[in-house]
Amino acid sequence: MTALATAQTGDTLAPIDYGTPQEWEIAGVEVIGSQFTDVPTLKSISGLRVGKIIRIPGAVIQNAIENLNRLKLFSDIRIIQDKTEGDLIWLTIQVQEKPTLSKHSFAGVRKASHEDLNEEVSPFLIKGSLVTEHMKDNSRMALQSFYREKGFYDAKIKITEVPDPRRVNAVSLNFDIDKGDKVKIRDITFKGNENVRSKKLRKVMENTKEKRRLFAKSKFDNEDLRADKKSIAAFYNTLGYRDAKIVRDSVWRGEDGHWQLQLDVDEGSQYFIGDIGWKGNSLYSDEQLNRVLGLKKGDIYNSELIQTRLSFSLDGRDVSSLYLDDGYLFFSAEPVEVSIYNDTIDLEMRMYEGPQATIDRVVINGNDRTHDHVIRRELRTRPGEKFSRSDIIRSQREIINLGYFNPETIQIGTPVNQQRGTVDIVYNVEETPSDQLELSAGFGGLGGVVGTLGVSFNNFSLRNAFEKGAWNPVPQGDGQRLSVRAQTNGQFFQSYNFSFTEPWLGGKKRNSLSVGAVYTNIDRSFGSASTPRQLSITKFFAGLGTQLKWPDDFFSSSTTINIETINLNGFQGFTTIVNGVPEVVERGKFRNFSINQIFSRSSISEPLFPRSGSRFSVNLQFTPPYSWFRSDNFWVLPDEERQQRIDDRNDILMVRGFDKMTEAQEQSFINAEENSRRFAFLEYHKWRIDAEWYFNLFGKFVLRSAAKIGLLGTYSNNVGFSPFERFELGGDGLSNQNFAITGRDIIALRGYEREDLEANTDNNGGATVFNKYTLELRYPISLNPSSTIYGMAFLEGGNSFLNPADYNPFELRRVAGGGLRVFLPMFGLLGFDYGWGFDKPDVISGIDTSRGFGKFSIILGFEPD
């Protein structure tokens, strides 16, 4: 066998000189060494076919070598003369294929980044395929592009082929990566900006930022720069510079290796609005439209504001609202510059009012669990009615407030049939889990660990409760709420709660029905017969709520009847105030029959993370004024009965092996007996006002401001203040939860223990008046409904007072701090706060204490009041 020509990758190809050239006819062509490449294809590409006349030496053999080498699949190519007979020649194409890929690896970078790098190179690195220069070049460019996007413009990628001893002709590719230093934008400068400061223009650039602050994002990207140049021009337009543009940008690497960016600005002239005319309007006069537009001659020419006032403004102040809320779906308005002179532009608003559109169908898609009627009853858009944009916006808000759907993915379509003059409203929703499970354990201060188990089904269906197939795991879809909760540590503490709410009683109007029951038993006696410390509460309630239409339909009313029985046997922590003097109430049976009336207004949407809107409520809870119909001092025992009760008590003590009461103990006993008569039927009126506002300050930052005030009043100073239904300000609302079920309103005050406020001590038994003010700056980390997360910084101040006469709204306990909230649909709200209290009692009195100023609070299941 004689080698006619050979080629090795990278070598120069040259024919072999055999002296005198001779013509041959190819009688046969064989290919050897090809395992992964199709043999007929190689023969065809080489150009050597049976019957072809070739000259040896000559260009045909050399061309065949070059054709095969262009494939870049072989590391060695040879064309060999097998034999000759007369003028016939048999040829063999002998190739050595490049190695195949067995695996690849990365070096020089953290292992955590390998997954991302694999995604970049996976389109090119296919296991078992031939390793070619093309494969390596594409992989290198993909990795360099990946690092450039992260700001590592000087990343170097070295690729090494390492033979794989476990496989024949196979290699592993090792990518040795040197990211280098991140290249940031050192400076952004402007030229030509005479009327706007460079600092302001840098703020307008949302994507391209200088590296001037710690942790600030700074990365150069051409697409980001193009978008920011458009933002700068748009910002100039809002200032009246309608012709402003970026005429040139220059980008270079400075001596320190970082980017330098210069933008040349041509501001042009500033323009003002001239005359404003209207054309095509028949429903509203020019004066009416001008009033809604809110622009006048001499105002700065702001094309963006003009378009907003014509088409859509978040505050509802736009011309299109007049038409779209009255069915004119086909309405359009286009501002036309009819005259430009000096620095003034005359405008003509050319309008097409069109016909009114009627709603044909209302379609709901995506509600896998929630029944259609639960959603439809919340909608303001109904078939046969005129189209209204505000009704669609309000319907979307009501769907979000149900809490059953992902607020980020709700989409509303309005396919139009212009021939019929109708429009369909299509609501596309995505169900999210709404039920909650509460399972916790914590030290309750009652002699051991308190366990809690509770479930809340927020989309329950009572009518399907008797259908076997509906229990998966519970009947759902009708929008009813069922809650069951139990707390206990065995002997010393038990609490059971049940509630059920039907939000649409009768199914036609927004009239809600709520019923529930609470039973609580606390025993702090710890086995002592002489000093019992027992409390039990049994409560039933039923309430009706309705949505009001006046002053607007954001208002609602709720009326609840409460029937409660409280039994005390030596249980401390409750007092009354009679003519300014506190008296202990620790024994007796007390009946609390009250009516709770709430008027509220809420315009908040997205309840998990509100960005706008407000919520107000006025709450009045009152009992009948029993003392008005009874004689003065009706509770005072006659002397004979007083002595008889003392004797009976002493007899009981002596039977149990204890001494008789002392004179002081007898007086305390009689006071307790008389107070049990005084409050056998509790009487009070209790007022509370809550208000909160949400503002989207800028970007994703939301400001929440809130104020709360509460007052407990009495019908008779002689009877005194009720020992129950007090206010307790302080703590985090969790560690105090046992007090929340003993007839007190718990209001959290971050940074302070409940004992830090004097009105909360056992001797005082809670406040009769409180106030609290809050400012929170919130920032969302994740708005995914499966895990809504946001952080906050807060300022808070509040105080509570034992006697209303001592109330001072400016005498506050102040606190500052931060916190985090995580909402998991199955478990509800989780979070923590750390508050730094500035006005703790020890701080005020100047006494050093080891308790410190800061306090860490945990939030589980609900946001503290």
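For every residue, the table says whether it meets (1) of a type in the set (S, T, N, Q); (2) open to solvent by 30 Å² or more (accessible area, probe 1.4 Å); (3) in contact with a strand residue (DSSP E or B) (Cβ under 7 Å, 6 or more places away or on another chain).
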residue: 332; (1), (2), (3): yes, yes, yes
residue: 341; (1), (2), (3): no, yes, no
residue: 362; (1), (2), (3): no, no, yes
residue: 392; (1), (2), (3): no, no, yes
residue: 407; (1), (2), (3): no, yes, no
residue: 414; (1), (2), (3): yes, yes, yes
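Starting from region 676-702, take each residue that is closer than 12 Å to residue 622 by Cα and list its partners that are of a type in the set (Phe, Trp, Tyr) and open to solvent by 90 Å² or more (accessible area, probe 1.4 Å), counting only C-beta distances under 6 angstrom and pairs at least six apart or across chains.
Short answer, once both residue conditions are applied: none.
Condition check: touching a Gly at 6+ places or on another chain (Cβ under 9 Å), assigned to a loop (DSSP other than H, G, I, E, B) and over 19 Å from residue 569 (Cα atoms). Does residue 490 satisfy that?
Numbers: touching a Gly at 6+ places or on another chain (Cβ under 9 Å): yes; assigned to a loop (DSSP other than H, G, I, E, B): yes; over 19 Å from residue 569 (Cα atoms): yes.
Considered against the rule, which asks whether it is touching a Gly at 6+ places or on another chain (Cβ under 9 Å), assigned to a loop (DSSP other than H, G, I, E, B) and over 19 Å from residue 569 (Cα atoms), residue 490 comes out as yes.
So, in region 447-481, how many residues would count as being polar (S, T, N, Q), at pLDDT 85 or above and not in a strand (DSSP E or B)? Explain how you work it out, then say what you get.
So in region 447-481, the residues polar (S, T, N, Q) come out as 452, 456, 458-459, 461, 464, 472, 476, 480.
Next, only the ones that are at pLDDT 85 or above stay: 456, 458-459, 461, 464, 476, 480.
Still in the running and not in a strand (DSSP E or B): 461, 464.
Qualifying residue count for the region: 2.
Within region 299-316, take every residue that is in contact with a strand residue (DSSP E or B) (Cβ under 6 Å, 6 or more places away or on another chain) and without any contact (Cβ under 8 Å) to a residue 40 or more places away in the chain and give me the one that is surrounded by the most Cβ atoms within 10 Å (Cβ to Cβ).
The qualifying residue surrounded by the most Cβ atoms within 10 Å (Cβ to Cβ) is 310.
Kindly provide the set of residues from region 584-597 that are surrounded by 18 or more Cβ atoms within 10 Å (Cβ to Cβ) and either free of Cβ contacts under 8 Å to residues at least 40 places away in the same chain or in a strand (DSSP E or B) (or both), ordered by number.
So in region 584-597, the residues surrounded by 18 or more Cβ atoms within 10 Å (Cβ to Cβ) come out as 584-588, 590, 592, 594.
Those that are surrounded by 18 or more Cβ atoms within 10 Å (Cβ to Cβ) and either free of Cβ contacts under 8 Å to residues at least 40 places away in the same chain or in a strand (DSSP E or B) (or both): 584, 587, 588, 590, 592, 594.
Of all the strands (runs of 3 or more DSSP E) wholly in region 55-108, which have at least 3 residues that are open to solvent by less than 30 Å² (accessible area, probe 1.4 Å) and under 13 Å from residue 26 (Cβ atoms)? Lay out the reasoning, then the answer.
Values: elements: 74-85, 88-97, 100-107.
In region 55-108, the matching strands (runs of 3 or more DSSP E) lie at 88-97.
Could you grab me the full set of residues in region 155-183 that are more than 14 Å from residue 100 (Cβ to Cβ) and either assigned to a strand (DSSP E or B) or of a type in the set (Gly, Ala, Ser) (or both)?
Those that are more than 14 Å from residue 100 (Cβ to Cβ) and either assigned to a strand (DSSP E or B) or of a type in the set (Gly, Ala, Ser) (or both): 155, 156, 157, 158, 159, 160, 174, 175, 176, 177, 178, 180.
Hey, any hits in region 614-631 for a residue that's in a strand (DSSP E or B), open to solvent by 60 Å² or more (accessible area, probe 1.4 Å), among the basic types (Lys, Arg) and more than 30 Å from residue 403 (Cα to Cα)? Spell out how you get there, then give the answer.
Going residue by residue through region 614-631, those that are in a strand (DSSP E or B) are 614-622.
Right, trim to open to solvent by 60 Å² or more (accessible area, probe 1.4 Å) and you get 615-616, 618, 622.
Now narrow it down to the ones that are among the basic types (Lys, Arg): 615.
Applying the additional criterion that residues be more than 30 Å from residue 403 (Cα to Cα) yields none.
No, region 614-631 has no match at all.
Given the conditions (1) without any contact (Cβ under 8 Å) to a residue 40 or more places away in the chain; (2) in contact with a Ser or Thr (Cβ under 9 Å, 6 or more places away or on another chain); (3) surrounded by 14 or more Cβ atoms within 10 Å (Cβ to Cβ), which single one is not true for residue 561?
Residue 561 satisfies every listed condition except (3).
For region 598-613, enumerate the residues that are open to solvent by less than 40 Å² (accessible area, probe 1.4 Å) and outside any strand (DSSP E or B).
Quick first cut of region 598-613, residues open to solvent by less than 40 Å² (accessible area, probe 1.4 Å) only: 600, 602-605, 609-610, 613.
Once the filter is applied, which keeps residues that are open to solvent by less than 40 Å² (accessible area, probe 1.4 Å) and outside any strand (DSSP E or B), region 598-613 yields 603, 604, 605, 609, 610.
Residues being touching a His at 6+ places or on another chain (Cβ under 7 Å) and surrounded by fewer than 19 Cβ atoms within 10 Å (Cβ to Cβ): count how many of those fall in region 182-201.
1
Could you please tell me which pairs satisfy a Cβ distance under 7 Å, a separation of 6+ or placement on different chains, a first residue in region 646-675 that is at pLDDT 80 or above, and a second residue that is polar (S, T, N, Q) and in a helix (DSSP H, G or I)?
Partner pairs satisfying both residue conditions: 660/650; 661/650.
Give region 100-141 a look and list any residue that's in contact with a helix residue (DSSP H, G or I) (Cβ under 8 Å, 6 or more places away or on another chain) and either among the acidic types (Asp, Glu) or closer than 24 Å to residue 165 by Cβ (or both), or say none.
Result: 101, 104, 106, 116, 120, 121, 125, 129, 139.
For region 334-359, what are the residues that are over 30 Å from residue 386 (Cβ atoms) and of a type in the set (Val, Ile, Thr)?
Result: 338, 340, 344, 345.
Look through 695, 681 and report the one residue that is open to solvent by 70 Å² or more (accessible area, probe 1.4 Å), touching a helix residue (DSSP H, G or I) at 6+ places or on another chain (Cβ under 6 Å) and either more than 30 Å from residue 812 (Cα to Cα) or modelled with pLDDT of 90 or more (or both).
Working: 695 fails: touching a helix residue (DSSP H, G or I) at 6+ places or on another chain (Cβ under 6 Å).
Among 695, 681, only 681 is open to solvent by 70 Å² or more (accessible area, probe 1.4 Å), touching a helix residue (DSSP H, G or I) at 6+ places or on another chain (Cβ under 6 Å) and either more than 30 Å from residue 812 (Cα to Cα) or modelled with pLDDT of 90 or more (or both).
Yes or no, residue by residue, for (1) closer than 30 Å to residue 152 by Cα; (2) surrounded by 14 or more Cβ atoms within 10 Å (Cβ to Cβ); (3) under 40 Å from the mean Cα position of the chain (by Cα):
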position: 218; (1), (2), (3): yes, yes, yes
position: 224; (1), (2), (3): yes, yes, yes
position: 229; (1), (2), (3): yes, yes, yes
position: 237; (1), (2), (3): no, yes, yes
position: 271; (1), (2), (3): no, yes, no
position: 274; (1), (2), (3): no, yes, no
position: 278; (1), (2), (3): no, yes, no
position: 281; (1), (2), (3): no, yes, no
position: 296; (1), (2), (3): no, no, no
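In region 109-144, which residues are aliphatic (A, V, I, L, M) and not in a helix (DSSP H, G or I)?
Of all residues in region 109-144, those aliphatic (A, V, I, L, M) come to 109, 112, 117, 121, 125-126, 130-131, 135, 141-143.
If the condition is that a residue be aliphatic (A, V, I, L, M) and not in a helix (DSSP H, G or I), then 109, 125, 126, 130, 131 are the ones that fit.
Would you say residue 424 is open to solvent by 30 Å² or more (accessible area, probe 1.4 Å), closer than 25 Å to residue 366 by Cα and of a type in the set (D, E, K, R)?
On the way: open to solvent by 30 Å² or more (accessible area, probe 1.4 Å): no; closer than 25 Å to residue 366 by Cα: yes; of a type in the set (D, E, K, R): yes.
Here the answer is no, as residue 424 does not meet what is asked.
The values are calculated or read from the model by the stated rules, or taken from the named source; none is laboratory data. All of these numbers come straight from a predicted model, not from anything done at the bench. Reconstructed Cβ throughout: ideal geometry from the backbone, glycine too, with neighbour counts over all protein chains shown. SASA here: full protein model, heavy atoms, side chains in, ligands and nucleic acids out. Shrake-Rupley method; radii C 1.70, N 1.55, O 1.52, S 1.80 Å.
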